[in-house]
Amino acid sequence: MSEKTVKAGRERFLTFYLGDEQYGIAINRIKEIIAMMKVTSVPKTPLFMRGVINLRGSIIPIVDTRLRFNMEYREPDMYTAIIIMEVDKVNIGFIVDRVEEVLSIDASHMSAPPKFGNQIDTDFICSVAQIENSVVMILDILKLFEDDELVNFEQIQQKQITEGL
């Protein structure tokens, strides 16, 4: 695993919670944030792949971020949101427990993620930001998925479009 570097200056991140943990995503990848809505399940997909939604005529695959992180499933509540992002030219929705805020984080407050050894995959954490008394894990969404999983998202999207969800 190579040493991860952080760009100089300030960057903006949308922060959100999964349980008690706060995460951040670069704001430039985010298309929109919507309230939780009905998700149509797609058979024969991984558990974390909740299904698809029809958002203003666009079919968007939806990932349960908690399940992707091997966390316990949680019923959606009034704070549950879907963050729509472009990942490798495919719009994907990520279910999160609660969207927090947009933070502008100075590079001096960011550091490389801790190393937990070869058995634990933390490649999807590109940096760790120290904000006051808390820690925000900055995610590289592209590294959350294997290449074949991204191809599956495209196939699911195309299949739902042709079947007319």
| task | Can you tell me which of 65-75, 87-97 comes out highest on packing, and rank the rest after it, using the mean Cβ neighbours within 10 Å? | result | 87-97, 65-75
| Between residue 32 and residue 74, what is the spin-label point distance in nm, taking each point 7 Å from the Cα along the Cα→C-beta axis? | 2.5 nm
| message | Could you give the length gained by full extension between residue 21 and residue 135, i.e. 0.36 nm per residue of separation minus their alpha carbon distance, to one decimal place? | response | 40.2 nm
| query | Taking H as built 1.01 Å from N, whose amide H comes closer than 5 Å to the amide H of residue 55, not counting residues under 5 places away? | reply | 60
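Each reported figure results from applying straightforward, stated rules to the coordinates on display, with no laboratory input. Just so it is clear, the structure is predicted and the values come from calculations on it, not from any experiment. Reconstructed Cβ throughout: ideal geometry from the backbone, glycine too, with neighbour counts over all protein chains shown.
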